[in-house]
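Notes follow the structure.
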Amino acid sequence: MEVVVTGIGLVSALGDSLETTWQCLLAGSSGIKLSQPFAELPPRPLAPLGPHPADFQTLTAKAVQAAIADAGLVPPLLHCGVVIGSSRAHQGRWEQLARHNGKDLESWLENLPHMAAIHTARIIGTTGPVLAPMAACATGIWALFRGWELLQTGECQQVITGAVEAPITPLTLAGFAKMGALATTGCYPFDVHREGLALGEGGAIFVLENTTLAKQRGAKIYGKILGFGLTNDALYGNYSDPEGKSAKLAIKQCLEISHLAPRDIHYIHAHGTSTQLNDKFEADIIQQIFPHGVPVSSTKGATGHTLGASGALGAAFSLMALQQQILPPCVGLNNPAFDLDIITKPRLCQGKTALVFSFGFGGQNAVLALGR
């Protein structure tokens with residue numbers, strides 16, 4: 001069954017809509033700025049949505065409502081599936097509760113990790129299946145896969161899916177700082193002088209439908225979901241297998257399921273976190289599987305690293321690239337460290353296919369293939 005994307009709701013530090021974010025991205029803008037949201041922690045380059053850390057539930061609702069409106073749907077959507085992922089979910093709220101010695105615990109049930117999916121079900125008025133995947137930075141693509149799967153099995157004809165993240169919390173910042181993974185001046189993916197990631201808030205939500213239904217109701221179509229590759233290293237808790245065996249397997253699985261060869265790919269939206277290890281690991285894999293050269297960019301220098309939502313944002317940007325036939329730049333890159341065809345300025349293309357990479361902590365590897 002062919003699955004298409006008929007609606008996208010996106011919120012990022014670049015803008016509060018898909019179109020605003022996309023235009024800012026093409027202009028080479030960045031939402032990353034030096035911020036100190038918590039007095040007890042030093043200033044860091046971050047990509048916040050506003051002057052204060054975002055509320056996770058509010059952010060989710062905004063992205064979901066934008067996706068529904070974009071698809072031309074009006075609730076209630078009684079049989080629509082819901083798959084909303086996040087790697088941090090309501091962690092910010094739990095940290096607030098902990099600082100206040102557990103006061104206001106009467107609302108704790110509304111802040112469990114799966115509640116973004118439940119809240120989405122309430123917004124659209126569905127009694128269909130509700131899922132809440134969590135797979136570190138690979139969460140966004142995992143969510144899209146689970147939504148695609150609900151359509152492939154015939155369990156649903158429409159699915160609201162994607163991922164949202166509000167990761168600017170004291171614990172998240174302190175944890176990444178302890179690992180030495182945070183940037184100190186900015187985010188420079190694949191650059192000689194890259195120094196670490198910059199946490200960003202945001203999310204991307206999609207309406208997926210089978211092609212027949214989408215055409216029957218005259219829906220606009222952003223593009224097609226062609227296939228996925230999903231693997232796990234099963235080795236380390238905080239970094240990937242240096243040899244990249246499982247990551248390469250995920251790419252090969254995705255190509256096979258999508259009936260594509262490496263030469264059929266016209267664009268790769270890289271994970272590109274701007275850390276020393278990830279960018280080298282990913283560059284090596286791209287060079288091995290795509291030695292002929294494929295245009296590559298990472299958008300984390302513009303939006304920050306939205307952790308579990310990053311693959312979802314990458315999917316949205318890749319769909320826009322295929323639809324508008326223009327590839328987004330790798331914002332923040334000045335001095336390339338690798339022999340890749342990295343896009344430094346918006347580039348016109350005639351591409352029909354794109355891959356989106358997400359390589360998360362714990363060796364969670366997810367690859368998505370999209371078609372024009």
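Name the helices (runs of 4 or more DSSP H) wholly inside segment 266-372 in which the number of residues that are surrounded by fewer than 17 Cβ atoms within 10 Å (Cβ to Cβ) is 3 or more.
It comes to 276-289.
Restrict the check to segment 178-192 and report whether at least one residue is under 13 Å from GLN276 (Cα atoms), at pLDDT 95 or above and among the charged types (D, E, K, R).
Yes, that holds for at least one residue.
Looking only at segment 272-301, count every residue that is of a type in the set (Gly, Ala, Ser) and more than 20 Å from the chain's Cα centre (by Cα) and tell me the total.
Here the count works out to 1.
May I ask you to verify whether SER258 is closer than 24 Å to GLY293 by Cα, at pLDDT 95 or above and either in the same structural domain as ILE289 (by TED's automatic domain parsing) or of a type in the set (Phe, Trp, Tyr) (or both)?
Against the criterion (closer than 24 Å to GLY293 by Cα, at pLDDT 95 or above and either in the same structural domain as ILE289 (by TED's automatic domain parsing) or of a type in the set (Phe, Trp, Tyr) (or both)), SER258 qualifies.
Which one of LEU197, LEU213, LEU208 is closer than 24 Å to HIS114 by Cβ and of a type in the set (A, V, I, L, M)?
Exactly one of LEU197, LEU213, LEU208 is closer than 24 Å to HIS114 by Cβ and of a type in the set (A, V, I, L, M), namely LEU208.
Report whether or not ALA214 is more than 30 Å from GLY332 (Cα to Cα), modelled with pLDDT of 95 or more and buried (at least 19 other Cβ atoms within 10 Å of the Cβ).
Yes: the conditions hold for ALA214.
Please verify whether segment 314-333 includes one or more residues that are under 18 Å from PHE145 (Cβ atoms) and β-branched (Val, Ile, Thr).
Scanning segment 314-333 turns up no residue that is under 18 Å from PHE145 (Cβ atoms) and β-branched (Val, Ile, Thr).
Taking the options VAL82, VAL74, VAL164, VAL159, name whichever one is at pLDDT 95 or above, surrounded by fewer than 16 Cβ atoms within 10 Å (Cβ to Cβ) and in contact with a helix residue (DSSP H, G or I) (Cβ under 9 Å, 6 or more places away or on another chain).
VAL74
Looking at (1) surrounded by fewer than 16 Cβ atoms within 10 Å (Cβ to Cβ); (2) under 18 Å from the mean Cα position of the chain (by Cα), find the lone condition where PRO51 falls short.
(2)
With the requirement that a residue be touching a strand residue (DSSP E or B) at 6+ places or on another chain (Cβ under 9 Å) and over 19 Å from ILE141 (Cα atoms), what does segment 267-278 give you?
SER274, THR275, listed by residue number.
Among the residues of segment 258-301, which ones are among the acidic types (Asp, Glu) and under 17 Å from GLY363 (Cα atoms)?
Passing the criteria: ASP279, GLU282, ASP284.
Within segment 167-192, which residues are of a type in the set (Phe, Trp, Tyr) and surrounded by fewer than 24 Cβ atoms within 10 Å (Cβ to Cβ)?
PHE176
Considering every residue within segment 104-120, establish whether at least one is in contact with a Gly (Cβ under 7 Å, 6 or more places away or on another chain), at pLDDT 95 or above and polar (S, T, N, Q).
No - not one qualifying residue is present in segment 104-120.
Could you tell me which of the residues LYS33, LYS62 is under 19 Å from PHE206 (Cβ atoms) and not polar (S, T, N, Q)?
One residue alone meets the criteria, LYS62.
Would you tally the residues in segment 93-133 being touching a residue at least 12 places away in the same chain (Cβ under 8 Å), touching a helix residue (DSSP H, G or I) at 6+ places or on another chain (Cβ under 7 Å) and in a loop (DSSP other than H, G, I, E, B)?
Number of matching residues: 3.
Please determine whether any residue of segment 193-206 is surrounded by fewer than 21 Cβ atoms within 10 Å (Cβ to Cβ), part of a loop (DSSP other than H, G, I, E, B), in the same structural domain as ARG146 (by TED's automatic domain parsing) and not aromatic (Phe, Trp, Tyr).
Within segment 193-206, one or more residues are surrounded by fewer than 21 Cβ atoms within 10 Å (Cβ to Cβ), part of a loop (DSSP other than H, G, I, E, B), in the same structural domain as ARG146 (by TED's automatic domain parsing) and not aromatic (Phe, Trp, Tyr).
Looking at this structure, is THR231 out of contact with any Leu (no Cβ under 6 Å at 6 or more places or on another chain) and among the β-branched types (Val, Ile, Thr)?
no
The values are calculated or read from the model by the stated rules, or taken from the named source; none is laboratory data. Worth saying up front: this structure is predicted, and the values here are computed from it rather than measured. Here the Cβ is made from the backbone with ideal geometry for all residues, glycine too, and neighbour counts use every protein chain on show.
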